[in-house]
Amino acid sequence: MRSLKWTYIAPFNGIPPIYRKDIANSQRNGSFGDLVDEILANPPEVADKKELDLWAPASMSGQDKLLASLEAVHLLVYDLDEGQSLNHVEAFRDLEFAAHTSLSHSTAHPKWRLILPLRRPIERDNWPMAWKAGAELWRQRTGSEIDKACKNANRFYFRSGAHRKRRIADG
């Protein structure tokens, strides 16, 4: 099993990652299971996603979120905010993956992420080509298009969380 690298910033406290100066000290190494435990296990109850920690599927060497700090991308993340069915996960059952809904998910308009570990890290300069291949994989397996807004290699994502207001309303 290959060791992966990712970046994890906690706590977020409303400070966008581009202004954070602790990114180089936030690097993690471990298995895919270690990453899944860190971003999916025990989701905190929050009122707003800005209360959640951030993570990036990449290793970074600098002190900020700028693309120049990025070394390599270790995981492919499909950020699915256009109402794509959670049933699409079935098309990836032959691969190792993790999936979770986002804080703004609803049954009427699903919002979720599918996370796939890459066989090898993709260097920053090769990421645009790799992302296109990932988008094509999604299209071939699901018959739908992927959101192009989240294709940048230095993208940060909110970890999994539970919406405090929604949980109270649901009983």
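The values are calculated or read from the model by the stated rules, or taken from the named source; none is laboratory data. Note that this is a predicted model, so its numbers are computed, not measured. Cβ placement follows ideal geometry from the backbone for every residue including glycine, while neighbour counts extend to all protein chains displayed. Quick note on the areas: whole protein, heavy atoms, side chains included, nothing else; ligands and nucleic acids left out. Shrake-Rupley method; radii C 1.70, N 1.55, O 1.52, S 1.80 Å.
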How large is the accessible surface of residue 8 in square angstrom, using a 1.4 angstrom probe and rounding to the nearest 10?
20 Å²
In straight Cα distance, which aspartates and glutamates are under 17 Å from residue 151, not counting same-chain residues fewer than 8 positions off?
71, 79, 81, 82, 123, 125, 136
Positive minus negative residues near residue 28 (Lys, Arg vs Asp, Glu; Cβ under 9 Å)
-1
How far apart, in nanometres, would the label points at residue 86 and residue 132 be if each is projected 7 angstrom from Cα along the Cα-to-Cβ direction?
3.5 nm
One-quarter of the Cα convex hull surface for segment 66-171, in nm²?
7.6 nm²
Exceeding 22 Å between C-alpha atoms, which entries from my cross-link table qualify? They are 5/49; 49/111; 111/148.
5/49
